[in-house]
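S.K.: Please find one structure pasted underneath; my questions will follow.
The values are calculated or read from the model by the stated rules, or taken from the named source; none is laboratory data. Since this is a predicted model, take the numbers as computed values, not measurements. Every residue, glycine among them, receives a Cβ derived from its backbone with ideal geometry; neighbour counts consider all protein chains shown. Only protein heavy atoms, including side chains, enter the accessible area calculation; ligands, DNA and RNA are left aside. Shrake-Rupley method; radii C 1.70, N 1.55, O 1.52, S 1.80 Å.
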Amino acid sequence: MDFNTTDEQTMLRDTVARYLADTYSFDNRMKTVHGDVAGGAGWNPAVWKAFAEELGILGAPFAEAHGGLGGGAVENMIVMEEIGRALVIEPYLPTVVIAGGALKATGGDLADAVIPEIIAGTAVIAFAYAEPQGRYNLADLRTTAKKDGAGYLLSGHKSVVYSAPYATHLLVTARTGGDQRDQDGVSLFLIPADAKGVSRRDYPTVDGSAASEVYFENVAVGAEQRIGGEGTALPLVEQIVDEATAAICAEACGVTRVLHATTLDYAKQRKQFGKAIGDFQVIQHRLVDMFMEVEQAVSITLMATLKLDTAERAAAVSAAKSKVGKACKFVGQNAVQIHGGIGISNELAVGHYFKRSTMIEGQFGSVDHHLRRYERITIG
Amino acid sequence: MDLSFSAEDIAFRDEVRAFIKDSYPPHLNGKIEEGEELSKEDFLSWHKVLAQKGWIAPAWPVQYGGTGWTSVQRYIWSEETARADAIRLMPFGLSMVGPVIYTFGTQEQKDRFLPGILSGDVWWCQGYSEPGAGSDLANLRTKAERFTGDDGKEYYRVNGQKTWTTMAQHADWGFFLVRTNPTAKAQEGISFLLIDMKSPGITVRPIITLGGEHEVNEVWLEDVIVPVDQRIYEENKGWTCAKFLLAHERTGIAGVAASKRGVERIKTIARSELDEGEQLIQNPFFKRKIAELEVDLSALEFTELRTLAGESSGKGPGPESSLLKIKGTEIQQRITELALEAAGHYGAPYFRGFGEGDNEHPIGPDYTHRTAPTYFNMRKTSIYGGSNEIQRNIIAKMVLGL
Ligand SMILES: Cc1cc2nc3c(=O)[nH]c(=O)nc-3n(C[C@H](O)[C@H](O)[C@H](O)COP(=O)(O)OP(=O)(O)OC[C@H]3O[C@@H](n4cnc5c(N)ncnc54)[C@H](O)[C@@H]3O)c2cc1C
Ligand SMILES: Cc1cc2nc3c(=O)[nH]c(=O)nc-3n(C[C@H](O)[C@H](O)[C@H](O)COP(=O)(O)OP(=O)(O)OC[C@H]3O[C@@H](n4cnc5c(N)ncnc54)[C@H](O)[C@@H]3O)c2cc1C
C-alpha cells in the first residue's frame, strides 16, 4: 500500500498551489465574482489562459498522445483540492473532469478534435444535465433529441448549468428514446454553446459562480456530436458524474481544510473574558471534531478516487459524497459559529468558504441521495 | 392539568383570526412566505395597524399600554400571527427597551418614551456589542464622561464604537451600554443611556451579511453629547438593566409559533418537489427529518408553555429561558436547512428579491429563490442574543451549579 504521490504529482500540486497563492487572492477572486475583470463575468479568462499555458494543468488527466500530462483521477483530485483551497470559480470541473472524462472514455474523432482544445484552454465546456423535475436522477429527462435525417433535433430545458454563461460548448443529456425515467434511451451530445435554437437566462449563484437556465428549441445536432452510443449513454453519464462527484469531494477537502485552519487561527487570536476563545474546552473540542471530519473526508475521498476504475466505483463514490457532505455542513456551520458575528459578514473569506461548502453538499446529490444509493448497491 | 382551551379562549382565537384576516396590510402578503428582505415601511405598516387596535404590546402591563391578556391569550396571539405569516415586529422597542423603561425609568422618562414605542413613531436599536466586547459584554469600552454644560445642566460626552447594531440605519433612538466609571470592576461602572441617533457625532456604517442583506451596522460615537436625564436607572448600575433586558430578549427568541409555520411550509415545498418521480415528502429520509423536527418542536412548545405558566404564577424568566433560546434557534436553523435541501438545484441561483418596480421573475419555483440566503442568514440566531455556547454556560452555572 502506498499513499504517497509520485514526484510528478507532487510537482503538480506545488505548481498549482504556488500559482494560486501568488495570483488568486481572496480579493482578486471577489473581483472576478463581481464581474470586475476584463473579458469575463463570473470567471477570469486570464486565469484560464494561465491554467492552460503557464501551468499546463488543463491537460493533467489526458493522454500524452493528446498533448496531456498522462495523468488521471489522482491528478484531478490534486488540482480540485487546490481549487477548493483557493475557492477558484473557473470551470476545471465541467471542462476537464466531466467533458474531458466523457471524451476520454469514448475516444474517436470528437475526442481527438476537442481534447487538444480543452488542453489549450480554447474549449470551455458546461455540463447541462439537471432538469427542474429530475432532482438527482440522471435518467429523469424530458429533454429530447429526435431523429432528423442523419442527425437530431434537440429540445428541452436544463436547470442551473454552472459556467454556461461563458462556455464555448455545452455537454447535454437528452432522450433519444424511452420514457421519462427509463434507463435506456439516454444520449449525450457536445454542441457549440451558440448553436441556433439555444437560449439562456444567466444569473449569479450564491457561491460566486455564474450559471444559466438553458433552453433548447429544435437545435440541429449532427450524429458526430454524439458521445457514446445512441440511447445507451446512461452508464457513461453515471461514470462521468461519479468522477465529477469524487472530484468535488476533493474540492470539499480543500474548502473544509481552509475553514478549519482559519477558524483554528481565529480561536487562538480572538480574546473574550481575558483569554483566547480557544482556551474554552467547548471550542477546543469543536475544533477537534472539525479536524476529525476533515481528515476523514480526505481519507474517504482518496478511497473513492482510487476506486473510480473498479467495479466498486458507484458504492465508493456514494460513500464518499455522503460523508463529505456531512463534513461540509458540520465544518462550515461551526466555522461561522466560532467566528461569532464576524462569521456572518460578507467581507470575510470564511463566509464564502461556508457558502461554497454548503453548495457542495447538494451538488451531484445530497447526503440522503448518496446514502440511499449506497444502500441500494451494497445492502439491496 | 388541562391542555384544552376554554370557550372564552376559543372565542378570543376567532376574534384574533378575523381581525388579522381583515386588517393585515395586503401588500405584505407573501413577503414572509418567500423570505424576502423587509423594509422599515413594511414593519411600520403592520405596527401601526396593531397600535391603532391597542394590541401592539401584549406583554406590557395594562397601565403602560399592555392588553391585559392571559398567558394563554398571548400564546394564541403569537400562534395566530405566525399562522397568518404576519411580519414579526422588531423587538428593540417593544420587547427590549420598553420593559426596561417602565421597570427602571422615572415617571418623566416613561411619559417621554413609551408612547413613541407603542405608536411606532420612534424606531429603536440596541447598542451593546463592541469589536472587543461580544460574548464578554462587560468588557465594553465606549466611555461616557460626565460634565456640566454652559447651561448649568449635566451631560455625558460619549466616545467609542459599537458594532452589529441591527437596523441602526433606520433607528431614531438607540439604547446604549457605556462605561461611566473606568476604574470600577467590569460589570460595575456601566450605565444605560438612551441616545438620539441624530445627535451630532454619530456615524452609522453598513455591514453586509452573507445573504447580501443590510441588517447590521457599525456605529461610531465621537463626542456625542447626551443629557443625564436620558440615563435609565442609577449611574454605574446599567448592568442591572442589561441583564433584565437579556432575559426578556431570550423568551421571545424561541419562536415556536413561527417555526410551526416554517414546518408547514417545508411540507408544502416537499409536496411540490419531485424525487424519483414521486413527491419529495414521500422520500423516507426527508419524511423522517420532518417528523423529527415536529417532535422536537412539540417538546420545545410545551417547555415554553411550562415556562410561561411559571411566569404567570410569579416567577420571572430565569436562566431556564436559555434552554428556549438554544433549542428554539436550533430548530429555526434546521427548518432553513430542510428548505434548502428541498430546493435541490434551485437553491444555487442568487436572487436578491423583488425591488419596487422590479418585475423580473426569479429562477425556479417561488419557494426556492431565497432558500440559500435565508439559510446563511439564520446562522446568526445561534450567535446573537448571547451565543448558544454562552447560553449553555449559563445553564451549567445557574441551573446545574457547575
Ligand atoms: C472496562 C475497563 C477496563 C479497564 N482496564 C484497565 C486496566 O487494565 N488497567 C488500568 O490501569 N486501568 C484500566 N481501566 C481504567 C481506565 O483507564 C480509566 O477508567 C480511565 O482512565 C478513566 O479514569 P476514571 O475511570 O477514573 O474516570 P475519570 O478520570 O474520573 O473521568 C470521569 C469523566 O470525566 C472526564 N474527564 C476527566 N478529565 C477530563 C478533562 N481534563 N477534560 C474533559 N473531561 C475530562 C472523563 O473523560 C470521564 O468522562 C479500565 C477501565 C474500564 C472501564
Ligand atoms: C445578525 C446579528 C445581529 C446582531 N444585532 C445586535 C444588536 O442589535 N445589538 C447588539 O448590541 N449586538 C448585536 N449583535 C451582536 C451579538 O450579540 C454578538 O455577535 C454576540 O454576542 C457574540 O459576540 P461576538 O460576535 O463578538 O463573538 P465572540 O464573543 O468573539 O464569540 C466567538 C465564539 O466564541 C464563543 N465563546 C465566547 N466566549 C465563550 C465562552 N466563555 N465559552 C464558550 N464559548 C465562548 C462564542 O460562542 C462564539 O462561538 C448581533 C449579531 C449578529 C450576528
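S.K.: Do we have A:Phe280 as open to solvent by 50 Å² or more (accessible area, probe 1.4 Å) and touching a His at 6+ places or on another chain (Cβ under 7 Å) here? Outline the logic, then answer.
M.R.: On the way: open to solvent by 50 Å² or more (accessible area, probe 1.4 Å): yes; touching a His at 6+ places or on another chain (Cβ under 7 Å): no.
Criteria not met by A:Phe280.
S.K.: What are the pairs, 6+ residues apart or on separate chains, where a residue within segment B:26-46 that is β-branched (Val, Ile, Thr) has its Cβ under 8 Å from a residue that is open to solvent by less than 40 Å² (accessible area, probe 1.4 Å)?
M.R.: B:Ile32/B:Asp85; B:Ile32/B:Ala86; B:Ile32/B:Ile87
S.K.: Next question. Going by the conditions given, is A:Thr263 surrounded by 23 or more Cβ atoms within 10 Å (Cβ to Cβ), polar (S, T, N, Q) and away from ligand 2 (no atom under 16 Å from the Cβ)? Talk me through it step by step, then tell me what you get.
M.R.: Numbers: surrounded by 23 or more Cβ atoms within 10 Å (Cβ to Cβ): yes; polar (S, T, N, Q): yes; away from ligand 2 (no atom under 16 Å from the Cβ): no.
Judged against the criteria, A:Thr263 is not a match.
S.K.: Can I ask one more? Do the conditions hold for A:Arg135, that is, is it surrounded by fewer than 18 Cβ atoms within 10 Å (Cβ to Cβ), assigned by TED's automatic domain parsing to the domain that holds A:Asp182 and assigned to a loop (DSSP other than H, G, I, E, B)?
M.R.: No.
S.K.: Could you tell me which of the residues A:Ala167, A:Ala105 is away from chain B (no Cβ under 14 Å), surrounded by 18 or more Cβ atoms within 10 Å (Cβ to Cβ) and among the small types (Gly, Ala, Ser)? Even if it seems obvious, please write down each step before you answer.
M.R.: Numbers: A:Ala105 fails: surrounded by 18 or more Cβ atoms within 10 Å (Cβ to Cβ).
Residue meeting the stated conditions: A:Ala167.
S.K.: With the structure loaded, tell me whether A:Ile377 is more than 10 Å from chain B (Cβ to nearest Cβ), open to solvent by 60 Å² or more (accessible area, probe 1.4 Å), farther than 28 Å from B:Gly134 by Cα and in a helix (DSSP H, G or I) or whether it fails that test.
M.R.: Working: more than 10 Å from chain B (Cβ to nearest Cβ): yes; open to solvent by 60 Å² or more (accessible area, probe 1.4 Å): yes; farther than 28 Å from B:Gly134 by Cα: yes; in a helix (DSSP H, G or I): yes.
So A:Ile377 passes the test.
S.K.: Condition check: outside any loop (DSSP other than H, G, I, E, B), open to solvent by less than 20 Å² (accessible area, probe 1.4 Å) and farther than 20 Å from A:Leu12 by Cα. Does A:Ala130 satisfy that?
M.R.: no
S.K.: I'd like to know if segment B:111-121 contains one or more residues that are open to solvent by less than 40 Å² (accessible area, probe 1.4 Å), within 12 Å of another protein chain (Cβ to nearest Cβ) and either within 8 Å of ligand 2 (Cβ to nearest atom) or farther than 22 Å from B:Thr240 by Cα (or both).
M.R.: No, segment B:111-121 has no match at all.
S.K.: Could you please let me know if A:Ala21 is of a type in the set (A, V, I, L, M, F, W, C), open to solvent by 50 Å² or more (accessible area, probe 1.4 Å) and in contact with a strand residue (DSSP E or B) (Cβ under 8 Å, 6 or more places away or on another chain)?
M.R.: Values: of a type in the set (A, V, I, L, M, F, W, C): yes; open to solvent by 50 Å² or more (accessible area, probe 1.4 Å): yes; in contact with a strand residue (DSSP E or B) (Cβ under 8 Å, 6 or more places away or on another chain): no.
Here the answer is no, as A:Ala21 does not meet what is asked.
S.K.: Let me ask something else. For A:Asp368, work out the one condition from (1) open to solvent by less than 30 Å² (accessible area, probe 1.4 Å); (2) within 16 Å of ligand 2 (Cβ to nearest atom); (3) farther than 23 Å from A:Asn76 by Cα it doesn't fulfil.
M.R.: Just one mismatch for A:Asp368, condition (2).
S.K.: Any residue at all in segment A:58-75 that is in contact with a Pro (Cβ under 8 Å, 6 or more places away or on another chain), of a type outside the set (Gly, Ala, Ser) and without any contact (Cβ under 8 Å) to a residue 40 or more places away in the chain?
M.R.: Within segment A:58-75, none of the residues are in contact with a Pro (Cβ under 8 Å, 6 or more places away or on another chain), of a type outside the set (Gly, Ala, Ser) and without any contact (Cβ under 8 Å) to a residue 40 or more places away in the chain.
S.K.: Filter segment A:269-283 for residues that are at the interface with chain B (Cβ under 7 Å from one of its Cβ atoms), not β-branched (Val, Ile, Thr) and not in a strand (DSSP E or B) and give the result.
M.R.: First, the residues of segment A:269-283 that are at the interface with chain B (Cβ under 7 Å from one of its Cβ atoms): A:272-273, A:282.
Narrowing further to those that are not β-branched (Val, Ile, Thr): A:272-273.
Of everything in segment A:269-283, just one residue is at the interface with chain B (Cβ under 7 Å from one of its Cβ atoms), not β-branched (Val, Ile, Thr) and not in a strand (DSSP E or B), namely A:Phe273.
S.K.: Look through segment A:200-233, keep the residues that are within 21 Å of A:Leu103 (Cβ to Cβ) and among the polar types (S, T, N, Q), and return whichever of them is most open to solvent (accessible area, probe 1.4 Å).
M.R.: A:Thr232
S.K.: Among what's in segment B:136-170 and is within 23 Å of B:Met90 (Cβ to Cβ) and among the hydroxyl-bearing types (Ser, Thr, Tyr), pick the residue that is nearest to ligand 2 (Cβ to nearest atom).
M.R.: The selected residue is B:Thr166.
S.K.: Of the residues that make up segment A:305-313, is at least one more than 14 Å from every other protein chain (Cβ to nearest Cβ) and in contact with a Lys or Arg (Cβ under 8 Å, 6 or more places away or on another chain)?
M.R.: yes
S.K.: Identify all residues within segment A:307-332 that are within 16 Å of ligand 2 (Cβ to nearest atom) and open to solvent by 30 Å² or more (accessible area, probe 1.4 Å); write none if there are none.
M.R.: Scanning segment A:307-332 gives a single hit, A:Phe330.
S.K.: Let me ask you something else. What helices (runs of 4 or more DSSP H), lying completely within segment A:1-118, carry at least 3 residues that are farther than 26 Å from A:Ile240 by Cβ?
M.R.: Qualifying helices (runs of 4 or more DSSP H): A:7-23, A:26-33.
S.K.: Output the number of residues of segment B:137-162 satisfying the condition of being farther than 19 Å from B:Ala242 by Cα and open to solvent by 30 Å² or more (accessible area, probe 1.4 Å).
M.R.: Qualifying residue count for the region: 12.
S.K.: Being of a type in the set (Asp, Glu), in the same structural domain as B:Thr303 (by TED's automatic domain parsing) and either under 24 Å from the mean Cα position of the chain (by Cα) or open to solvent by less than 20 Å² (accessible area, probe 1.4 Å) (or both) narrows it down to one of B:Glu264, B:Glu215, B:Glu276, so name that one.
M.R.: Of B:Glu264, B:Glu215, B:Glu276, the one residue that is of a type in the set (Asp, Glu), in the same structural domain as B:Thr303 (by TED's automatic domain parsing) and either under 24 Å from the mean Cα position of the chain (by Cα) or open to solvent by less than 20 Å² (accessible area, probe 1.4 Å) (or both) is B:Glu264.
S.K.: Taking only segment A:269-308 into account, find how many residues are on the phi > 0 side of the Ramachandran plot and among the polar types (S, T, N, Q). Explain how you work it out, then say what you get.
M.R.: Step one: of segment A:269-308, the residues on the phi > 0 side of the Ramachandran plot are A:273-274.
Next, from what is left, pick out any that are among the polar types (S, T, N, Q): none.
Qualifying residue count for the region: 0.
S.K.: Further question: Identify, from the list B:Leu221, B:Leu193, the residue that is away from chain A (no Cβ under 14 Å) and within 29 Å of B:Gln391 (Cα to Cα).
M.R.: Every option except B:Leu193 fails the conditions.
S.K.: A follow-up question, please. Grab the strands (runs of 3 or more DSSP E) fully contained in segment A:160-222, keeping just those with 3 or more residues being among the hydrophobic types (A, V, I, L, M, F, W, C).
M.R.: Counting at least 3 such residues, we get A:169-175, A:186-192, A:210-221.
S.K.: So which residues in segment B:209-221 are out of contact with any helix residue (DSSP H, G or I) (no Cβ under 9 Å at 6 or more places or on another chain) and over 16 Å from B:Pro131 (Cα atoms), if there are any at all? Spell out the reasoning first.
M.R.: So in segment B:209-221, the residues out of contact with any helix residue (DSSP H, G or I) (no Cβ under 9 Å at 6 or more places or on another chain) come out as B:214, B:217-221.
B:His214, the sole residue that qualifies.
S.K.: For segment B:333-379, which positions are modelled with pLDDT of 90 or more and of a type in the set (S, T, N, Q)?
M.R.: Of everything in segment B:333-379, those that are modelled with pLDDT of 90 or more and of a type in the set (S, T, N, Q) turn out to be B:Gln333, B:Thr336, B:Thr368, B:Thr371, B:Thr374, B:Asn377.
S.K.: So is B:Tyr384 within 11 Å of another protein chain (Cβ to nearest Cβ), open to solvent by 30 Å² or more (accessible area, probe 1.4 Å), within 18 Å of the chain's Cα centre (by Cα) and within 16 Å of ligand 2 (Cβ to nearest atom) or not?
M.R.: Criteria met by B:Tyr384.
S.K.: Next question, about the same structure. Can you confirm whether segment B:91-98 contains a residue that is over 30 Å from A:Lys275 (Cα atoms), more than 14 Å from chain A (Cβ to nearest Cβ) and open to solvent by 60 Å² or more (accessible area, probe 1.4 Å)?
M.R.: Taking every residue of segment B:91-98 in turn, none turns out to be over 30 Å from A:Lys275 (Cα atoms), more than 14 Å from chain A (Cβ to nearest Cβ) and open to solvent by 60 Å² or more (accessible area, probe 1.4 Å).
S.K.: When segment B:170-187 is examined, which residues are found to be out of contact with any helix residue (DSSP H, G or I) (no Cβ under 7 Å at 6 or more places or on another chain) and either among the aromatic types (Phe, Trp, Tyr) or surrounded by fewer than 18 Cβ atoms within 10 Å (Cβ to Cβ) (or both)?
M.R.: B:Asp172, B:Trp173, B:Phe176, B:Asn181, B:Pro182, B:Thr183, B:Ala184, B:Lys185
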